[in-house]
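Input: a single structure, listed below in structure tokens.
The values are calculated or read from the model by the stated rules, or taken from the named source; none is laboratory data. Worth saying up front: this structure is predicted, and the values here are computed from it rather than measured. Because the Cβ atoms are built from the backbone with ideal geometry, glycine has one as well, and the counts that use them run over all protein chains shown. Side chains included, ligands, DNA and RNA excluded: accessible areas come from the protein's heavy atoms. Shrake-Rupley method; radii C 1.70, N 1.55, O 1.52, S 1.80 Å.
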Amino acid sequence: MGILAWILIGLIAGFIAKALMPGKDPGGVIITMLIGVAGGLLGGFLGKVIFGVDSIDGFFDLSTWIAAIIGSVILLAVYRLVTGNKRHHSHA
């Protein structure tokens with residue numbers, strides 16, 4: 001797949017990850033999009049390493065979307081852990 005397809009998948013996967021994990025995130029929509037793109041790559045990598053499958057087959061393959069969404073959810077959770085701690089400590 002081309003870079004434009006990855007960006008589009010990342011944008012949508014980031015949006016879906018945000019919908020699955022509602023809440024206020026620092027950084028806004030730009031950070032969510034970047035997390036989505038990186039999450040798609042992470043999901044594809046994890047699918048290959050853990051399950052030994054090529055989870056990045058094509059734009060319209062379900063495995064591509066599932067991998068991208070799972071990777072985006074993982075990265076969004078990590079991002080919230082890292083940035084959330086700074087927010088809570090500043091008020092104490």
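Worth pointing out:
- Of the residues making up segment 44-75, those that are under 14 Å from residue 12 (Cβ atoms), modelled with pLDDT of 80 or more and of a type outside the set (Val, Ile, Thr) are 65, 67, 68, 71, 72.
- Selection status of residue 34, more than 18 Å from residue 78 (Cβ to Cβ), part of a helix (DSSP H, G or I), out of contact with any strand residue (DSSP E or B) (no Cβ under 7 Å at 6 or more places or on another chain) and modelled with pLDDT of 80 or more: no
- Enumeration of residues in segment 10-24 that are touching a Ser or Thr at 6+ places or on another chain (Cβ under 7 Å) and either open to solvent by less than 50 Å² (accessible area, probe 1.4 Å) or not in a helix (DSSP H, G or I) (or both): 13, 14, 17
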